[in-house]
1. Going by how many other Cβ atoms sit within 10 Å of their own, how do Thr66, Thr40 line up, fewest first?
2. For the chain, calculate the relative contact order in percent as a whole number, restricting contacts to Cα pairs under 8 Å that are 6 or more residues apart.
3. Which of Phe5, Phe83, Phe31 comes first, and how do the rest follow, when ranked by fewest Cβ neighbours within 10 Å?
4. If I take R0 = 22 Å and measure r between the Cβ atoms of Asn322 and Ala159 in this structure, what FRET efficiency does the formula 1/(1 + (r/R0)^6) give, to the nearest 0.05?
5. With 21 Å as the limit, write out which pairs from Lys112/Lys270; Lys252/Lys352; Lys240/Lys270; Lys254/Lys328; Lys130/Lys166; Lys240/Lys352 have Cα-Cα distances beyond it, or answer none.
6. Can you list residues from other chains, or at least 5 along the same chain, whose modelled amide H is less than 5 Å from the amide H of Ser93?
7. Please list 3J(HN,Hα) in residue order for the stretch 23-30, calculated via the Karplus relation 6.51 cos²θ - 1.76 cosθ + 1.60 where θ = phi - 60°; whole Hz, with x for glycine and proline.
8. Placing one identical point scatterer on every Cα of the stretch 129-204 and ignoring solvent, what is log10 I(q)/I(0) from the Debye formula at q = 0.11, 0.17, 0.26 Å⁻¹?
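FYI, it's all coordinate maths here, none of it is from the lab. No experiment lies behind these values; they were computed from the predicted model shown. Backbone-built Cβ (ideal geometry, glycine too); neighbour counts: all protein chains shown.
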Amino acid sequence: MTLLFSFQHQFDNQSFDIQGNIPSSGVTAVFGRSGSGKSTLLNVLCGLLTPKTGEVRFRESRLLDTKRSINVPVWKRKIAVVFQDARLFPHLSILDNLFFGSPNKLQNGRFKELTTLLGIEHLLDSKPNKLSGGERQRVAIARALLSEPDLLLMDEPLASLDLPRKREVMQYLNQLTDKIDIPIVYVTHSLEEVMHLADYLLVLESGKVADFGTVEKVWNGDSLSLWQEGEQHSALLTAKVSERHPDYAMRKMKVAGHTLWVPDQEFNDKQNECMRIRIDAKDVSVTLSPVVGSSIRNVIPVEVIDIEELNDHSSLLTLALNEELALKSILTRWATEELKLHQGSKVYAQIKGVSFTQQNLATH
């Protein structure tokens, strides 16, 4: 079962022709610059906007079909929305906010599960003005899910939060997406949120779909090049957590047949699980042969498959791990020329740093 949408609409000088067919499970991030159509897509899906022409189908139901004059009202679509602003009623307690408009207040068996999962059970008697921004957003998410929707839409829910609150809510969202079994469409302009939360990535550009696929596929392709310029280039890979080093607080990870060592503190109960890791191009250097006596623990044989000049002094190298996966490395043009690097060069990638998510991909 999938979520299918295809519509055309016009706002003054902005035209939208957005078509997609995304899985009706997991988290699909919708990414793009301002004006690309992210919020327009969400408004069409939930029924807040009726496009000039188009259709929306979800789980065999036709929610919108302008040719057949079908347009299911917002309140009948069983779709919940979480906005940037939590939009809680200031005069009501958190408990009353959670059940506002819900006819199943006493029968809703998910109440304890959700309030515990989102860490808000101790806030139920409080008023919204007593809560932090992160706590208000967690309440808004719980309220949306207590309406028992078939689809959850999230419109940049972390955009108004400062960095500590973003990290706080992201941890709760990570746990939440492991537990609930409804699809989530998550609008964001943050690649960090995409990396940590999403299973699929849909990129919008100038009112059209520029790319769609798994997060790794789209991340490592060309459609995100505008957001990964210069030292922002990186590779996103899936790695399997393996055994701990017998003498040091380091953990082995397996990726594309290679071994990486990373600090162990984040992997206490995750052996044999798959996690997403990001390796930044600025943290990858190149050597023609394995270096003896280096402090860098991760040295992997690779092949140069592309060299791109970034500017007068830097080159971006694409380094194949296997036939499908590759790393990125930023070198000075001086180093690139001195090492006589070219397409097909067999070299060693020295990886100085690895970023990883808390996401357990086995359960997504």
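1. Ranked by crowding around the Cβ, least crowded first: Thr66, Thr40.
2. The normalised contact order for the chain reaches 15 percent.
3. With the sparsest Cβ surroundings first, the list reads Phe83, Phe5, Phe31.
4. 0.05
5. Flagged as over cut-off: Lys112/Lys270.
6. Under 5 Å from the amide H of Ser93: no residue qualifies.
7. x, 8, 7, x, 10, 10, 7, 10
8. For the stretch 129-204 at q = 0.11, 0.17, 0.26 Å⁻¹, log10 I(q)/I(0) is -0.27, -0.65, -1.51.
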